[in-house]
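Contents: one structure, followed by commentary.
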Amino acid sequence: MSVAAASFAIFAASQVGTPGPANMALLATGARYGLRRALPFVAGVALGKQLVIWPVGFGLMQLADSAPWVFQALKWMSAAYIIWLAWRVANMRLNTNIEAKAPGFAAGLIVHPLNPKAWAMITAGFTAFTEPGTPSLEATVTIALILLGVQLILHPIWTYGGERIARSVAGTPAEKYLMWTLAALTVASVFFVLFAGGK
């Protein structure tokens, strides 16, 4: 195959399964609303990565060479968005109000387009696991399907993990510290992929 699908699947699982801005958002959403109510958000997060994969696969990387400022702007937009998300997480409380509305599909859809870890992972897929000369459609379809499959398995696990944590600490003094810790991890993860892990 022109795309090293098995190797990329292992790489994708290692990236999607480890902490990052999207997984911290999933963990916090699961903790606040539970897996069932968070499913539209989970679906949006999973499909949102496709909004990055397809433009990259069909030549957006060429834009990076001709207009690097676009990607610099994206980097700082990403950081600002994730920090805002972390602030919301820090101020959430887990004693779920049945009337509270969980974030929906659209909220999840924008997580990965503003997630620098997603951009780095997808770029690596096209540059490190795809043979030169591979047709864009073949490479893009392969990478898109592998990532979607991995996400559909691992994103609900992160969300359910948040729900399980919430059952233990909701309404206790530890609740506030948990939410601030999740927020701090979210900020730390985005700064790591921006300044250390995204090269």
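The values are calculated or read from the model by the stated rules, or taken from the named source; none is laboratory data. All values reported here derive from a predicted model rather than from experimental measurement. Using ideal geometry, Cβ is built from the backbone for each residue, glycine included, and neighbour counts are taken over all protein chains shown. The accessibility values were calculated without ligands, DNA or RNA, using every heavy atom of the protein model including side chains. Shrake-Rupley method; radii C 1.70, N 1.55, O 1.52, S 1.80 Å.
Cβ-Cβ distances below 6 Å connect no pair with a first residue in region 104-119 that is under 18 Å from residue 143 (Cα atoms) and without any contact (Cβ under 8 Å) to a residue 60 or more places away in the chain, a second residue that is in a helix (DSSP H, G or I) and β-branched (Val, Ile, Thr), and a separation of six or more residues or different chains. Pairs meeting the criteria (first residue in region 23-38 and closer than 12 Å to residue 185 by Cβ and small (Gly, Ala, Ser), second residue at pLDDT 85 or above and not in a helix (DSSP H, G or I), beta carbons under 8 Å, at least 6 apart or on different chains) are 25/111. Within region 27-51, the set of residues being within 14 Å of residue 183 (Cβ to Cβ) and either open to solvent by less than 30 Å² (accessible area, probe 1.4 Å) or among the aliphatic types (A, V, I, L, M) (or both) comprises 27, 28, 29, 31.
When residues of region 152-177 are filtered for being surrounded by fewer than 16 Cβ atoms within 10 Å (Cβ to Cβ) and not in a helix (DSSP H, G or I), how many remain? Within region 152-177, residues that are surrounded by fewer than 16 Cβ atoms within 10 Å (Cβ to Cβ) and not in a helix (DSSP H, G or I) number 3.
Scanning region 75-113 for residues that are among the aliphatic types (A, V, I, L, M) and at pLDDT 80 or above gives 102, 106, 107, 109, 110, 111. Taken as a whole, the condition of being aliphatic (A, V, I, L, M), surrounded by 15 or more Cβ atoms within 10 Å (Cβ to Cβ) and touching a strand residue (DSSP E or B) at 6+ places or on another chain (Cβ under 9 Å) applies to residue 139.
Look at region 127-145: where a residue is modelled with pLDDT of 90 or more and a partner is open to solvent by 20 Å² or more (accessible area, probe 1.4 Å) and assigned to a helix (DSSP H, G or I), sitting 6+ places away or on another chain with Cβ atoms under 8 Å, you get 140/54; 140/58; 142/5; 143/126; 144/50; 144/54. Scanning region 1-58 for residues that are within 19 Å of residue 136 (Cα to Cα), of a type in the set (Val, Ile, Thr) and within 12 Å of the chain's Cα centre (by Cα) yields a total of 1. Within region 12-26, being part of a helix (DSSP H, G or I), surrounded by fewer than 18 Cβ atoms within 10 Å (Cβ to Cβ) and not hydroxyl-bearing (Ser, Thr, Tyr) holds for one residue alone: 13.
Among the residues of region 103-110, is there at least one that is under 17 Å from residue 15 (Cβ atoms), of a type in the set (Phe, Trp, Tyr) and surrounded by 14 or more Cβ atoms within 10 Å (Cβ to Cβ)? No, the conditions are met nowhere in region 103-110.
I'm trying to understand the selection: among the residues of region 21-62, which are among the small types (Gly, Ala, Ser) and at negative phi? 22, 25, 28, 30, 31, 38, 43, 44, 46, 48, 57 - these are the residues of region 21-62 that are among the small types (Gly, Ala, Ser) and at negative phi.
Name the single residue, out of those in region 30-72 being of a type in the set (Gly, Ala, Ser) and modelled with pLDDT under 70, that is nearest to residue 157 (Cα to Cα). Looking at the filtered set, the residue picked out is 64.
Taking region 1-11 as the range and being touching a residue at least 40 places away in the same chain (Cβ under 8 Å) and more than 17 Å from residue 134 (Cβ to Cβ) as the test, no residue passes.
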